Structure formats: C-alpha cells, structure tokens
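Enquirer: Shown below is the structure under consideration.
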Amino acid sequence: MIEMEQDYTPVKKEMTRRMVDLYCRDMHGTDGICPACYKRMMDTYKRLDACKFKDKGWPCDTCPGMCYSGDSLDFMQDVMEHAKRWMATHPEEAAKMMPPKDVTPGQGA
Ligand SMILES: [Zn+2]
C-alpha cells in the first residue's frame with residue numbers, strides 16, 4: 001500500500017491498468033486487456049518508471065514533463081477520454097477507482 005512514501009509510480013500504474021482495461025473491454029470487446037493494448041500499457045509503465053517527476057503525484061497532467069509521446073500519447077489520450085466518459089456515466093464505480101486521498105498532485109517543478 002502507499003503510505004508516506006514519495007514514489008507514486010505504483011498508483012499511476014494501477015490507474016493506468018484500470019483505464020486500459022476499461023478501454024479495451026469497450027473498444028475491443030475483449031475480456032481483459034488484449035495483446036496490443038497490453039503492449040502499449042507496458043510502454044507506458046516504462047515511461048512511468050523513467051519519470052523524473054514520479055514524486056509529484058497524480059494526475060500526470062499537472063506534471064511539467066510529458067511522459068507520453070508518439071503512439072503512446074495518442075493511445076493514452078484515447079484511453080483517458082474513454083475513462084472520463086465512463087466516469088461520467090458510472091459515478092459510483094468511478095469513485096472507487098480514484099487514487100487514495102493522500103495522493104495529491106504536485107505543485108510543478
Ligand atoms: Zn485492446
């Protein structure tokens with residue numbers, strides 16, 4: 001579990017996995033994450049691992065660095081758009097998906 005430690009990478013990975021899972025189920029009709037989405041998710045994980053601002057918290061859009069680029073950026077934008085639409089129609093389930101309360105966005109560099 002995340003307590004006082006400063007590396008939010010596990011939280012970001014878990015949120016990414018949940019969003020990709022949702023996206024893939026709805027867009028690709030798979031039970032779980034299809035190989036193509038899985039590969040892109042792993043790509044994203046690598047970027048999260050390499051992130052210089054991993055202690056700045058969630059969400060990543062407050063981050064001064066841009067983790068996602070090229071294919072990954074398009075893919076993650078689709079995934080996040082999908083997640084936003086899903087949250088709007090499933091507010092109760094969405095609330096359970098929120099990161100822990102103590103995980104707050106950083107103030108930028
Ligand atoms: Zn997929």
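The values are calculated or read from the model by the stated rules, or taken from the named source; none is laboratory data. The model shown is predicted, which means the values in this text are computed figures rather than measured ones. No Cβ is skipped: glycine too gets one built from the backbone with ideal geometry, and neighbour counts run over all protein chains shown.
Enquirer: Which residues, taken from region 26-43, are near the ligand (Cβ under 9 Å from one of its atoms) and among the aliphatic types (A, V, I, L, M)?
Expert: Scanning region 26-43 gives M27, I33, A36.
Enquirer: Next question, about the same structure. So which residues in region 33-54 are aromatic (F, W, Y) and part of a helix (DSSP H, G or I), if there are any at all? Working first, answer last.
Expert: Of the residues in region 33-54, the ones aromatic (F, W, Y) are 38, 45, 53.
Result: Y38, Y45.
Enquirer: Still on this structure, I have one more. Specify which of the listed residues (K56, K84, K46, K13) is away from the ligand (no atom under 16 Å from the Cβ), modelled with pLDDT of 85 or more, surrounded by 13 or more Cβ atoms within 10 Å (Cβ to Cβ) and of a type in the set (D, E, K, R).
Expert: On the way: K56 fails: modelled with pLDDT of 85 or more; K84 fails: surrounded by 13 or more Cβ atoms within 10 Å (Cβ to Cβ); K46 fails: surrounded by 13 or more Cβ atoms within 10 Å (Cβ to Cβ).
It is K13.
Enquirer: Of all residues in region 16-25 being in contact (Cβ under 8 Å) with a residue 40 or more places away in the chain and not hydroxyl-bearing (S, T, Y), which is farthest from the ligand (Cβ to nearest atom)?
Expert: Per the criteria, the residue is R18.
Enquirer: Also, I was wondering about something else. Are any residues in region 21-43 of a type in the set (V, I, T) and at pLDDT below 90, and if so, which ones?
Expert: Of the residues in region 21-43, the ones of a type in the set (V, I, T) are 30, 33.
Matches in region 21-43: T30 only.
Enquirer: Exactly one of (1) surrounded by 13 or more Cβ atoms within 10 Å (Cβ to Cβ); (2) at pLDDT below 80 is unmet by M66. Its number?
Expert: Condition not satisfied by M66: (1).
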